Amino acid sequence: MSAALTAAGDLHRLVVRNLRRELRILDGLIVNTALPVIIMVLFVYVFGGAITTGSSGLAYIDFVVPAVLLMSGGYGAALTAVNIADDMTAGMIDRLRTLPIGGWTVPAGHVVASVIRNVAACGFALLAAVVLGFRPDAALADWALALTVVTGYVLAMSSLAVLWGLLVRSTQAAGAFSFVVLFLPYLSDGVVPAETMPDVLRDFAENQPITPIVATLRSLLLNQPMGSSGAVAAAWLAGMVLVSVPIAALLFRRRTSG
């Protein structure tokens, strides 16, 4: 019990440290929060009138908001790769190794801080969407499930980001992960209907993780039938976490041993 309390205290201090570091980098915080909102404004007001939502029959803002929420949370979570790569290359890990703390708390602290920060950013994006005209029709239980989906997505992307940050050897290489995460929703059913894409792109869009996650959020927020998308989304999210966490733990031990 004493060891568990000590580890929890170490994790809490590292989470607070990571959150404070993010708050001090004001320009990065503004970009991470504002970029998905700017993208949403661009699509709704510039492209929205020319984009149809296919068989869904939804107004474009209702169609695109779930994807924007994932962009908001995913882009910020992907930058966790840069944060842990910076710790690994700038000497912070050497300082932490002189302290009596569990090694696993270092990457875990990055992941927990990322989840807190980026779920909050998704809330800001949702408020901006309501201002722009998004009108969700969700019951309290649906809101709770939607929050669970968003949190699961941010957790999965943060875990993958930690894994990528430990694989590469520079913060510049670590930053490439954020562009992949930001771009992936465009090749899904989130921004435009997959049914309107060419065959090859449609096959990719229908079989990548963002599409069922977006469909699940869309169903929850707009009170629509979910079908099998919820189970598929849960499988994708659980799989990403279960694969990335043990590999990241192994890489962290290897890079900090000796």
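The values are calculated or read from the model by the stated rules, or taken from the named source; none is laboratory data. All values derive from a computational prediction rather than experimental measurement. Every residue, glycine as well, gets a Cβ built from its backbone with ideal geometry; the counts of neighbours run over all protein chains shown. Keep in mind that these areas ignore ligands, DNA and RNA; they rest on the heavy atoms of the full protein, side chains included. Shrake-Rupley method; radii C 1.70, N 1.55, O 1.52, S 1.80 Å.
Annotations for the structure displayed:
- When the residues Ile101, Ile61 are ordered by accessible surface, computed with a 1.4 Å probe over the protein chains alone, the sequence from largest down reads Ile101, Ile61.
- Normalised by the number of residues in the range 80-215, the mean separation of alpha-carbon contacts (under 8 Å, six or more apart) gives a relative contact order of 34 percent.
- In this structure Thr52 has an accessible area near 100 Å², from a 1.4 Å probe over the protein heavy atoms.
- Dipole magnitude for the chain: computed about the Cα centre from +1 point charges on Lys and Arg Cβ and -1 point charges on Asp and Glu Cβ, it is near 1060 debye.
- Remark: accessible surface ordering of Leu5, Leu126 (largest first) is Leu5, Leu126, probe radius 1.4 Å.
- The range 154-258: relative contact order in percent, alpha carbon pairs under 8 Å with at least 6 residues between: 34
- Overall form of the range 109-233 per C-alpha gyration tensor (a/c, 1.5; a/b vs b/c): oblate
- In summary, the helical segments of the chain meeting the span-like criteria, namely a full DSSP H run, a Cα extent along the axis of 15 angstrom or more and a mean Kyte-Doolittle hydropathy of at least -0.5, are 2-24, 26-42, 60-78, 105-132, 140-167, 171-183, 210-222, 229-256.
- Mean residue ellipticity at 222 nm, helices only, the chain: -25000 deg cm²/dmol; runs of at least 4 DSSP H residues each add -39,500 (n - 2.57), and the sum is divided by the number of residues.
- Solvent exposure of the chain, expressed per residue, is 48 Å² of accessible area, with all protein chains present and a 1.4 angstrom probe.
- Length gained when the stretch Ser56-Asp199 is fully extended (0.36 nm per residue, less Cα-Cα span): 49.6 nm
- Shape of the range 174-227, Cα gyration tensor, a/c cut at 1.5: oblate
- Portion, in percent, of the accessible area of the chain that falls on carbon or sulfur, probe 1.4 Å: 69
- Tail fraction, Cα-Cα pairs, the chain, threshold 24 Å, whole percent: 48
- Surface listing: Tyr45, Tyr153, Tyr186 arranged by accessible area from highest to lowest gives Tyr45, Tyr186, Tyr153, probe 1.4 Å.
- Reducing the range 140-211 and the range 112-139 to their Cα centroids gives an inter-centroid distance of 17 Å.
- Packing rank of 216-224, 173-181, where each peptide gets the mean count of other beta carbons within 10 Å, highest leading: 216-224, 173-181
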